[in-house]
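The values are calculated or read from the model by the stated rules, or taken from the named source; none is laboratory data. Just so you know, these numbers come straight off a predicted model, no measurement behind them. Note that each Cβ is placed from the backbone with ideal geometry, even for glycine, and that neighbours are counted across all protein chains shown.
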Amino acid sequence: MTTAQRIGGFNIKETLTAVVISFTMAFVFRGFVIEGFLIPTGSMAPTLLGKHMEIRDPDTGYEWTVGPWDYVNGNPALPPLPVQGGARGPIRVNDPMTRAPIERPSERLLAGDRLFVLKYLKGVYEPKRWEVVVFKAPHVEPQNYIKRLIGLPGDQIALVDGDVFYAPEGSHTKGEGADAWAEDVWRIARKPERVQREVWRTVFDSFYTPPPATQERFAPSDRFRPPWTPSGPGWEGLRESRDYHYTGSGPTLLTWDDDRYPIDDYTPYNQLRVGPQPFDRGLRERTRPIFPVSDVSMRFGIEPESGPVSVTGELTARGMEFRAVIDDAGARVEMRDAPTTTSTDIAWRTLDSADKPGLIRPGRVTDVEFWHVDQALWLFIDGKLVCGGPEAGAYDLTPAQRVLAATGRDLKELLRLNPSVSSSALADTRIYRKPSVRWRFEGGPFTLHRVGLDRDLFYQVGRQPTLGAHPDYFPTLTNDDFMMCGDNSPSSSDGRFWRAEYPWVTESIHHGEPHYGLVPRELIIGRAFVVYLPSPFYRGVIPMFNFSDMRWIW
C-alpha cells in the first residue's frame, strides 16, 4: 500500500466509506425513526413550553411561566421581542398560589423546549389516545403543530363539561341533535395514570405559604389568607406555615374557600398585560371564558402524633357527592346523589373498597391522594392505588346526562334557550355548578404536610363554533382521521376551532371534501416522547440549561 493510500495510518477509502455510511444512517434514522423539534408557542403550556417568561415569587418560592406579551411592531403574528416589558411597561402578574401582586421592570424571553419525536410507522407503531403528537397542520400552509391526541379513527367525539366522550366505530349514534347525545353508545375517554399526573394543574399547595414577615408590607385586607377554613378551634399554622397542626382530638373539618380560590380552568400562563386579569373572575366581560372544574385531586401528607386518625375526603360536584374514607377497617370510595331539602337520607353506594387496616399510622407521614376525574374515583396511599381507579372506581354518564349533572338543566331545555352552534348555551360559564371540597377528620392530634388541590385539563367550549361541543356539531372521524387539542385549552388553536382546510389537503388527501378540525394520517409525524433540551435560564447574560428538567412526555 502506497503512502498516498494511507494518511496517518488510516485507509482513505475505508474512512470515506465509513463517513458515507454514518451520514446515510443518520438521515435514515432522522427520516424514519426519531427527529428533533423546537416548540414555538404556548398551546401545550405548561406541559410543554414555547417562548415564555419565567416568574418567581421570592416570598413563596413558587415559579411559573407566562406567555409573551410584547411582539415586533406590536403584532402578535410577528416574533415576540427578546426582552419583555421595559419601555413598554413593567411585567405585573399575580402569584397563582397566594394571589399576591408581582412586578418586574422587564423579563428576558426564554426559548421553548426541544424534544425528540418518535415517528409513527403504520402497522408497526400506531397513534394512541392522549399521546402528545407532532403533525403538519391541515388548516394552514404546512407547518409543524404539537397537540394532544383526543380522537382516533372511527370515533365520534363529544366535548362536555371539559371532558372527552367518544362513540367508537361500530357503535355510532343513530339519532340527531340532543337525542344523539342521550344514547348509551358513548364512553368517557379516561386518561392513564401517568398522563393524568402530568396534566394536573396546581390550584394551591401549602408548601408555598409565604412567611409572616413578608406580609407586613401589605394592608391587612391584602395579606395572605389560606384557601382552607377550619371548623372550630385547635388548628395552627394555616396562615403562616407550610404545615397545618391540629392539636385537638375530636371531629374537625377543613373546607375549601371557593370564593377566594375558585376551582376553575384559569391558566396562569395566559395572564395578560392589559384587560381583565386572572383573578377578575367576576367581571362580565372577560378576555377568555373561565369554567368551573369538578375533576380535582385532593392531597396531603398526614402525620398522627399518637392515636389513630380517620380521614374522609369529600367532594360535592354535578349534583352528586363523592368521598374517600380511610379508617380502622381500611379504605373505600363511595358516591351518592347530593341530598336536597326534600330528600336528605340518601344511601351511599360503595364503588370499591380495600380491607387494609392501619393505612395511616402514628409516627410517620402517610401521603393521601383522592382523585375525582373522568367520571371515576381514585384513592392513593403513599403513591399506590388502594381502591377505585379507571374501572373499579368508575361511574357512567352519557353526554346528555353529563350536561344535566353539570348544570342541573336538561340538554334540550338549554338548547331551546339558544340552539345556535355559533353561540351555544353550553358556552355560558354561568350555567355550570361549582364544586365544593372538604376534608373530615376523626382523632388527633396530627400534622398535615403539603396540603394541596389540583384540577384537571378542561377542554373549553369557545365563543365561536367549537367542534365536538354541541350535539349538532360533533365529528365522526373516518378511518384515517384524528382529532387534536392543546393542553392550554383556553389559548390553543386546535381542532375545536379550525374552520378551514388547506387546499392541497382537501384535494390530495380528502378528495375534494374537506374534513374541518381533523388531521389526516398522512400529516402525522410522530409522538413526542422526551424533552432532551429544556428551555434555558440565564445567569446574567450566559444561558444555562437545567438538565434536571429533562423528562419523558406523557
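Tally up the residues in segment 128-145 that are part of a loop (DSSP other than H, G, I, E, B), aliphatic (A, V, I, L, M) and under 23 Å from the mean Cα position of the chain (by Cα), please. Please lay out each step first, then the result.
Within segment 128-145, the subset part of a loop (DSSP other than H, G, I, E, B) is 128-131, 137-143.
After this cut, where a residue has to be aliphatic (A, V, I, L, M) as well, the list is 137, 140.
In the following step, the residues that additionally are under 23 Å from the mean Cα position of the chain (by Cα) were identified as 137.
Residues that pass the stated criteria total 1.
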Problem set entry | Filter result (surrounded by 23 or more Cβ atoms within 10 Å (Cβ to Cβ) and assigned to a loop (DSSP other than H, G, I, E, B)) within segment 297-317 | VAL309
For this session: Mind listing just one residue for me: the one in segment 42-75 that is touching a residue at least 40 places away in the same chain (Cβ under 8 Å) and among the hydroxyl-bearing types (Ser, Thr, Tyr) and, of those, nearest to ARG551 (Cα to Cα)?
Result: THR47
Problem set entry | Wholly within segment 177-272, strands (runs of 3 or more DSSP E) carrying at least 3 residues that are buried (at least 16 other Cβ atoms within 10 Å of the Cβ) | 201-205, 244-246, 252-256
Seminar exercise, completed: Pairing a residue in segment 369-393 that is farther than 22 Å from PRO435 by Cβ with any residue that is of a type in the set (D, E, K, R) and part of a strand (DSSP E or B), where Cβ atoms lie under 6 Å and the two sit 6 or more apart in sequence or on different chains, gives ASP382/ASP367; ALA392/ASP352
For this session: Mind listing just one residue for me: the one in segment 405-436 that is crowded, with 16+ Cβ neighbours inside 10 Å and without any contact (Cβ under 8 Å) to a residue 24 or more places away in the chain and, of those, farthest from PRO465 (Cα to Cα)?
Result: LEU414
Exercise. Going by the structure shown, is HIS449 over 21 Å from ILE39 (Cα atoms), assigned by TED's automatic domain parsing to the domain that holds TYR269 and out of contact with any His (no Cβ under 6 Å at 6 or more places or on another chain)?
Worked result: yes
Exercise. Which of (1) at pLDDT 95 or above; (2) touching a Leu at 6+ places or on another chain (Cβ under 6 Å) does LYS51 not meet, given it meets every other one?
Worked result: (1)
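Considering only residues that are among the hydrophobic types (A, V, I, L, M, F, W, C) and in a loop (DSSP other than H, G, I, E, B), look in segment 410-467 and name the one that is farthest from ARG364 (Cα to Cα).
Keep residues of segment 410-467 that are among the hydrophobic types (A, V, I, L, M, F, W, C), which gives 411, 414-415, 417, 421, 425-427, 431, 437, 439, 441, 446, 448, 451, 453, 457-458, 461, 467.
Still in the list and also in a loop (DSSP other than H, G, I, E, B): 421, 457-458, 461, 467.
Values: VAL421: 55, LEU457: 33, PHE458: 36, VAL461: 45, LEU467: 50 Å.
Selected residue: VAL421.
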Exercise. How do the pairs read when you match residues in segment 329-351 that are assigned to a loop (DSSP other than H, G, I, E, B) with residues anywhere that are of a type in the set (Ser, Thr, Tyr), using Cβ under 7 Å and keeping only pairs 6 or more apart or on different chains?
Worked result: ALA338/THR316
Exercise. Residues in segment 166-184 that are in contact with an Asp or Glu (Cβ under 6 Å, 6 or more places away or on another chain) and aliphatic (A, V, I, L, M): how many?
Worked result: 0
For this session: Give segment 125-148 a look and list any residue that's within 15 Å of PRO40 (Cα to Cα) and among the hydroxyl-bearing types (Ser, Thr, Tyr), or say none.
Result: TYR145
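Going by the conditions given, is LEU149 surrounded by fewer than 23 Cβ atoms within 10 Å (Cβ to Cβ) and more than 23 Å from the chain's Cα centre (by Cα)? Give the steps one after another, and end with the answer.
Details: surrounded by fewer than 23 Cβ atoms within 10 Å (Cβ to Cβ): yes; more than 23 Å from the chain's Cα centre (by Cα): no.
It is false that LEU149 is surrounded by fewer than 23 Cβ atoms within 10 Å (Cβ to Cβ) and more than 23 Å from the chain's Cα centre (by Cα).
Looking only at segment 97-112, decide whether some residue is acidic (Asp, Glu) and assigned to a loop (DSSP other than H, G, I, E, B). Talk me through it step by step, then tell me what you get.
Restricting attention to segment 97-112, the residues satisfying the condition of being acidic (Asp, Glu) are 103, 107.
Subset that is assigned to a loop (DSSP other than H, G, I, E, B): none.
No - not one qualifying residue is present in segment 97-112.
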Exercise. Applying the selection to segment 299-328, what residues are touching a residue at least 60 places away in the same chain (Cβ under 8 Å) and among the aliphatic types (A, V, I, L, M)?
Worked result: ILE302, VAL309, VAL311, LEU315, ALA317, MET320, ALA324
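State yes or no: is GLY383 buried (at least 17 other Cβ atoms within 10 Å of the Cβ) and closer than 30 Å to ASP327 by Cα? Walk me through it before giving the result.
Numbers: buried (at least 17 other Cβ atoms within 10 Å of the Cβ): no; closer than 30 Å to ASP327 by Cα: yes.
In short, no.
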